[in-house]
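Structure first, then comments.
A short reminder: the numbers here are calculations on the coordinates, not readings from a lab. Quick caveat, the model's predicted, so the values are computed rather than measured. Counting neighbours? That spans all protein chains shown, and the Cβs are built from the backbone with ideal geometry, glycine included.
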Amino acid sequence: MSGIVINGSTRLLGLLGNPVEHSVSPVLHAALASKNNDNYVYLAFRVEKEQLKAAVEGAYALGAKGLNVTVPYKKDVMQYLCEIDEKAEILGAVNTLVRTEQGYKGYNTDMPGLYRAMRYDGVSLDGKNVVVIGAGGVANAVIGMLFEAKVKKILILNRTKERAEQLAKRFLKAYPGGETTVTTAAYDEDYLAVMDEMEQDPVRTNHVLQSENSRNWLAIQATSLGMSPKTDEAAIENDAFYDRIACGYDLIFNPYETKFMKLVKEHGGESYNGLRMLLFQGIYAYELWNDISIPDEWAAEVLQQMKKALGIREA
């Protein structure tokens, strides 16, 4: 990647959040700008909550071409935008701001970013039952992606069932008349029985896997458990659960292999982390800012830059 040359024509891109010092987004977007020969500089701005409105308005006044928004402002920033994309409205969260003549328009690229990452990894949703572990902000984008993909059966598995039910009701209301069904369960319930009932699979008895043909679940891990300092933990550690999982997708990317991923592998499934979701949500943002399409060949090169920045060395 060539070095950045800043001159009078350099345009500003940036990230608003708190904290932002750990972000790898500047590496991602610097790599994309270099590949596309764009004269941009991308900076991460730590913004206090009471200054969020001023930050958005100030960035617009300074001519910033576009912004990303990260925690904890993905919802709060929406009130300061001139327009919000329909899918971002459904999710109730924005992570990308695109400059227009009236102000910034808000988009959510987490949802399509995850879908593109899964396709890039060769993970198919066709014919899969999907269990989403967690019901927080990240799970919100996951559920939206699954509804957009018209997945037939979703199980939201969360520490508290009430939170899972609220999430399910919101998306069922947002996507009326579809074929997607959503079931909810809490960690302390017999969620294995719930999974069996969703499958209506006669080859299972007493929660014991009887046939490899019955391993038909995709599990998406959307909690913070597994991140530092809790790297030796997973939200679900039940062996019988992992016997059902054909593929596990953890949205955490640091550490590069989480406890959840290890458990999936130990029980014969394939596992992936969330670094490619981070990559592709950034790529979608860059495509929105510039009205271009970025090929997967570029994505592979940028991914290597991100791994280097994070100090990731694969075995």
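May I have the pair-distance distribution P(r) for the chain, computed from all Cα-Cα distances with 10 Å bins from 0 and rounded to whole percent?
6, 26, 33, 23, 10, 3, 0
Show the residues, 5+ positions off or on another chain, whose built amide H is closer than 5 Å to the amide H of S271.
Sorted by chain and number, the residues that satisfy this are G248.
Taking 0.36 nm per intervening residue step and subtracting the Cα-Cα distance, what contour gain separates T100 from D126 on full extension? The partial results should precede the final answer.
Numbers: separation 26, 0.36 × 26 = 9.36 nm, distance 3.74 nm.
Gain on stretching T100 to D126: 5.6 nm.
Average projected area of the Cα convex hull of segment 112-273, in nm²?
Details: hull surface 35.5 nm².
Projected over every direction and averaged, the Cα hull of segment 112-273 covers 8.9 nm².
Counting only other residues whose beta carbon sits under 10 Å from that of K35, what net charge do I get with K and R as +1, D and E as -1? Please report the intermediate quantities before stating the final value.
Numbers: positive: none; negative: D38, E297, E301.
Once all neighbours under 10 Å are counted, the net charge is -3.
So, counting K/R as plus one and D/E as minus one, what does the shell of residues with Cβ under 11 Å around A149 add up to? Mind showing how you got there, number by number?
Details: positive: R119, K128, K150, K152; negative: D126, E148.
Overall, the nearby charge balance is +2.
Give the relative contact order (percent, whole number) for segment 112-273; include only Cα pairs under 8 Å separated by 6+ residues. Before the final figure, lay out the partial values.
Details: 282 pairs, mean separation 32.6, N = 162.
Computed value for segment 112-273: 20 percent relative contact order.
Among the aspartates and glutamates, which have Cα under 16 Å from the Cα of K173 when same-chain residues fewer than 8 positions away are ignored?
Partners within reach: E86, E89, E148, E165.
Kindly provide the helix-only [θ] at 222 nm of the chain, computed as the sum of -39,500 (n - 2.57) over DSSP H runs of four or more divided by all residues, to the nearest 500 deg cm²/dmol? Please list the in-between numbers first.
Details: 11 runs with 116 residues, N = 315.
Computed ellipticity for the chain at 222 nm equals -11000 deg cm²/dmol.
At a Cα cut-off below 20 Å, give the lysines reachable from K35, other chains included and same-chain residues fewer than 8 away excluded.
Candidates past the 8-residue exclusion: K65, K307, K308.
Measure off 7 Å from each Cα along the Cα-to-Cβ vector at K308 and Y256, then give the distance between these two points in nanometres to one decimal.
1.4
Can you tell me the length gained on complete extension of the stretch K230 to K152, counting 0.36 nm per residue apart and subtracting the Cα distance?
On the way: separation 78, 0.36 × 78 = 28.08 nm, distance 3.31 nm.
Between K230 and K152, full extension yields 24.8 nm more.
Is the shape of segment 1-108 rounded, prolate or oblate, going by the alpha carbon gyration tensor and its root eigenvalues a ≥ b ≥ c, with a/c under 1.5 for rounded and a/b larger than b/c for prolate? Mind showing how you got there, number by number?
On the way: a/c = 1.69, a/b = 1.55, b/c = 1.09.
Because a/c hits 1.5 or more and a/b exceeds b/c, segment 1-108 counts as prolate.
Convert each backbone phi in segment 231-242 into a coupling constant with the Karplus relation 6.51 cos²θ - 1.76 cosθ + 1.60 (shift: θ = phi - 60°), then list the ³J(HN,Hα) values in order as whole Hz, x for Gly and Pro.
Each residue of segment 231-242 in turn: 6, 9, 10, 9, 4, 10, 10, 7, 4, 5, 5, 6 Hz.
Starting from the amide H of I156, placed 1.01 Å from N in the peptide plane, find each other amide H under 5 Å away whose residue is 5 or more places distant or on another chain.
Long-range HN contacts for I156: V132, T183, T184, A185.
Please give me the summed charge of the neighbours of V194: other residues whose Cβ is under 12 Å from its Cβ, Lys and Arg +1, Asp and Glu -1. Mind showing how you got there, number by number?
Details: positive: K153, K161, R244; negative: E189, D190, D196, E197, E199.
Result for the local shell: -2.
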